[in-house]
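Chemist: Okay, handing you the structure first.
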Amino acid sequence: MYRFLLTRQWVFLTLLFLVLIPAMVELGFWQLHRHQHRVAQNELVSASVKAEPVPVTELTSPGHTVPRSDYWRTVTATGTFDTEHEVVIRRRTSNDDRAGVHVLTPLVLKDGRVVLVNRGWIPAAADQREYPAVPPAPKGEVTVTGRLKADETTKASGIKDLRGLPPRQIMLINSEQQAERIGRPVLGGYLELTAPEPADNRPEVIAEPDHDSIGAHMAYAVQWWLFAAAVPVGWVVLVRREKRDRDAQARQATTEPVGSAA
């Protein structure tokens, strides 16, 4: 009755369906894990930005790697900006996706150590080999508030070639590299400035990270699982259609009259 299932065509088709089912199930779990990661990330960011500010020296020190649990923590620092060692970070975008640079200014603390402060976004110079017009940092002793971030690395960013950059321009914010350049101990990670806001919003303060949207990963997971469930249903439909067509052909062959030779 179903001998056609042993034909090469149907064996291949059945094996293909058997491969598709676990593949789609796995893709569904992959999207589920992305959804769970996004939810966990949102919870971490939300808790960090809402936490009471603490001195930056309580969470990091020279050579320290900022752990994921401290990402986005609100911290404070009091010191004097060292504009002599100020640099800009290339290939950064504004809050509305305009291309430009970020301004990184060392803040010298009372004990002589340094914390790097990302003061925000400005447009790049017309000639990107030139140093842009950077709005001046506040003079004298200041207290700043910001979000703690981890050092940027070539592995995480995918940026490989950091050579040949113009003076005072960098691609990544890295405390160890800046410590060598400044000649002072630099706290691990850096501070993303939130207050005080600069006059005329120059540099443009970096917006708070999104911690509300969760994307469509859960919907994609359900879609893949529905596709996986539809595969055996589709296989059964195809088998029944093939059997019906073969039965119809067989009945037609048995009912056709046998012609006689002229």
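Chemist: Counting DSSP beta bridges with both partners in region 42-198, what percentage is antiparallel, nearest 5?
Modeler: Numbers: 29 of 36 bridges.
Restricted to region 42-198, the bridges split so that about 80 percent are antiparallel.
Chemist: Once the piece of chain linking V19 and Q223 is laid out straight, how much longer is it, given 0.36 nm per residue of separation minus the C-alpha distance between them? Could you put the intermediate results ahead of the total?
Modeler: Working: separation 204, 0.36 × 204 = 73.44 nm, distance 1.74 nm.
Contour length minus the Cα-Cα distance gives 71.7 nm.
Chemist: Points 7 angstrom from Cα along the Cβ direction at T7 and V54: gap in nanometres?
Modeler: 7.1
Chemist: Pairs of Cα atoms under 8 Å, at least six residues apart: use those to get the relative contact order of the chain, whole percent. Intermediate values should be presented prior to the final figure.
Modeler: Details: 413 pairs, mean separation 66.4, N = 262.
Reported as a whole number, the value is 25 percent.
Chemist: Take every Cα-Cα pair in region 1-145 and report what % of them are more than 28 Å apart.
Modeler: For region 1-145, the share of Cα pairs beyond 28 Å comes to 49 percent.
Chemist: Please report, to one decimal in angstroms, the Kirkwood hydrodynamic radius of region 69-112 built from all distinct Cα-Cα pairs. Walk me through the numbers before you get to the answer.
Modeler: Numbers: mean 1/r = 0.0786 Å⁻¹.
Answer for region 69-112: a Kirkwood hydrodynamic radius of 12.7 Å.
Chemist: Continuing with the same structure: When the Kirkwood hydrodynamic radius is evaluated over all pairs of different C-alpha atoms of region 173-244, what value in angstrom, to one decimal, is obtained?
Modeler: Details: mean 1/r = 0.0537 Å⁻¹.
Result for region 173-244 stands at 18.6 Å.
Chemist: Now, a different point. May I ask for the distance between the Cα centers of region 21-42 and region 181-244, given as a whole number of Å?
Modeler: Result: 11 Å between the Cα centres.
Chemist: Next question. Taking only C-alpha pairs under 8 Å that are 6+ residues apart, what is the relative contact order of region 162-242 in percent?
Modeler: Details: 22 pairs, mean separation 10.9, N = 81.
Relative contact order here is 13 percent.
Chemist: With the dipole of the chain worked out from charges on the C-beta (+1 for Lys and Arg, -1 for Asp and Glu) around the Cα centre, which of F81, W224, V56 lies farthest toward the positive end?
Modeler: Highest projection toward the positive end goes to W224.
Chemist: Mean separation of Cα pairs under 8 Å and 6+ residues apart, divided by the residue count of region 36-127: what relative contact order is that in percent?
Modeler: Values: 129 pairs, mean separation 18.6, N = 92.
This gives 20 percent for region 36-127.
Chemist: Give me the extension gain from V39 to A195: residue separation times 0.36 nm, minus the current Cα-Cα distance, reported in nm with one decimal. Kindly include the intermediate steps, with their values, before the conclusion.
Modeler: On the way: separation 156, 0.36 × 156 = 56.16 nm, distance 2.75 nm.
Result: 53.4 nm gained on full extension.
Chemist: Another one. Quick one: what do you get for the chain if you divide its Cα Rg by 2.2 N^0.38 Å? Walk me through the numbers on the way to the answer.
Modeler: Details: Rg = 31.3 Å, N = 262, 2.2 N^0.38 = 18.3 Å.
Taking the Cα Rg and dividing by 2.2 N^0.38 Å, one obtains 1.71.
Chemist: Let me ask another. Calculate how steeply helix 8-50 sits against the longest principal axis of the alpha-carbon atoms of the chain, using the helix alpha-carbon long axis, and give the answer as 0 to 90 degrees to the nearest 10.
Modeler: 20
Chemist: Just subtract the alpha-carbon distance of D111 and T143 from 0.36 nm times their residue separation and send over the number in nm, one decimal. Numbers along the way, then the final one.
Modeler: Working: separation 32, 0.36 × 32 = 11.52 nm, distance 1.45 nm.
Taking 0.36 nm per residue and subtracting the Cα distance, the gain is 10.1 nm.
Chemist: Let me ask something else about it. Could you check how many percent of all C-alpha pairs in region 94-184 are farther apart than 20 Å? Write down the numbers at each step before the final one.
Modeler: Numbers: 1807 of 4095 pairs.
Result: 44 percent of Cα pairs exceed 20 Å.
Chemist: Also, I was wondering about something else. Shape call for region 41-110 from the C-alpha gyration tensor, a ≥ b ≥ c root eigenvalues: rounded (a/c under 1.5), prolate (a/b greater than b/c) or oblate? Don't jump to the answer; show the numbers that get you there.
Modeler: Numbers: a/c = 2.05, a/b = 1.11, b/c = 1.85.
Because a/c hits 1.5 or more and a/b fails to exceed b/c, region 41-110 counts as oblate.
Chemist: Taking the chain, how many lysine pairs are there with alpha carbons less than 26 Å apart, if each pair must be eight or more places apart or span two chains?
Modeler: 5
Chemist: Taking Cα atoms, how many degrees apart are the long axis of helix 217-255 and the longest axis of the chain, rounded to 10 and kept between 0 and 90?
Modeler: Helix 217-255 sits at roughly 10 degrees to that axis.
We did not get these values from a lab; they are worked out from the coordinates using the rules stated. All figures in this text were calculated on a predicted structure; none of them were measured in a lab. Note: ideal-geometry Cβ built from the backbone for every residue, glycine included; neighbour counts use all protein chains shown.
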